[in-house]
1. Short version: ³J(HN,Hα) in whole Hz for each residue of the stretch 26-39, in order, from phi by Karplus 6.51 cos²θ - 1.76 cosθ + 1.60 (θ = phi - 60°), x for Gly and Pro, what are they?
2. If you take the beta carbon distance between SER16 and ASN140 as r and set R0 to 25 Å, what does 1/(1 + (r/R0)^6) give as a FRET efficiency, to the nearest 0.05?
3. For q = 0.14, 0.21 Å⁻¹, what log10 I(q)/I(0) does the stretch 1-61 give under the Debye formula with an equal point scatterer on each alpha carbon and no solvent?
4. R0 = 30 Å: FRET efficiency of GLN153 with GLU119, Cβ-based, nearest 0.05?
5. State which entries of LYS11/LYS103; LYS50/LYS82; LYS79/LYS151; LYS50/LYS79 exceed 22 angstrom in Cα-Cα distance in the structure shown.
6. Which order do the peptides 18-24, 71-77, 6-12 take when ranked by the mean count of other beta-carbon atoms within 10 Å per residue, highest first?
7. Across the Cα atoms of the chain, what radius of gyration and what greatest pairwise Cα-Cα distance (Dmax) are found, in Å?
8. For the pair HIS90/ALA65, report the inter-label distance in nm, with labels modelled 7 Å from Cα in the Cβ direction.
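What follows is calculated from the coordinates using simple rules that are stated; it is not laboratory data. Values in this document were obtained by computation on a predicted structure and should not be read as measured data. Note that each Cβ is placed from the backbone with ideal geometry, even for glycine, and that neighbours are counted across all protein chains shown.
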Amino acid sequence: MNDVRLEPGAKAPSFSLPNQDAVAVSLSSLAGKKVIVYFYPAAATPGCTKEACDFEESLNVFTAAGYAVIGVSPDKPAKLAKFVKDQGLHFDLLSDEDLTVHKAYGAYGLKKMYGREYEGVLRSTFVLDEKGVVTLGLYNVKATGHVEMLKKQLGI
């Protein structure tokens, strides 16, 4: 079980993961930018599609406020490429097949559904400042309405 919880003020764990085009994207390459990193269970599932499309619809708002958006899931780059194409996404989706980055951020652990406990991806979102410090860490968020809530919390 994973007990990691990133709190505001914590340094975000660094990473370098392949995106949907199998090109490595590292947190250090985004230094100097504010970054929204969201973790989701699986591309092309109803909740994850809704969440990705909500981020896409608000991408201009986030970009205008100085934020880059990155999604991270355990999916292979080829599946992410199809998802990006099918949904017309204009931000990177990163592949964390071995869940190392998920676990470093506390976005993998014990879940409960219908009274059953199991290990899985915890839908989570982190806002990082220009120096890679966590300013907001949200765990177990709902796919629907999450992006609107995030914009309100960020004041944008």
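1. 3J(HN,Hα) across the stretch 26-39, in whole Hz: 10, 4, 5, 6, 9, 4, x, 10, 7, 10, 9, 10, 10, 9.
2. For R0 = 25 Å, the calculated efficiency reads 0.40.
3. Normalising to I(0) and taking log10 leaves -0.58, -1.23.
4. 0.60
5. Over 22 Å apart, Cα to Cα: LYS79/LYS151.
6. Averaged packing, sorted descending, gives the order 71-77, 18-24, 6-12.
7. Rg then Dmax for the chain, in Å: 14.4, 44.
8. Modelled inter-label distance: 1.8 nm.
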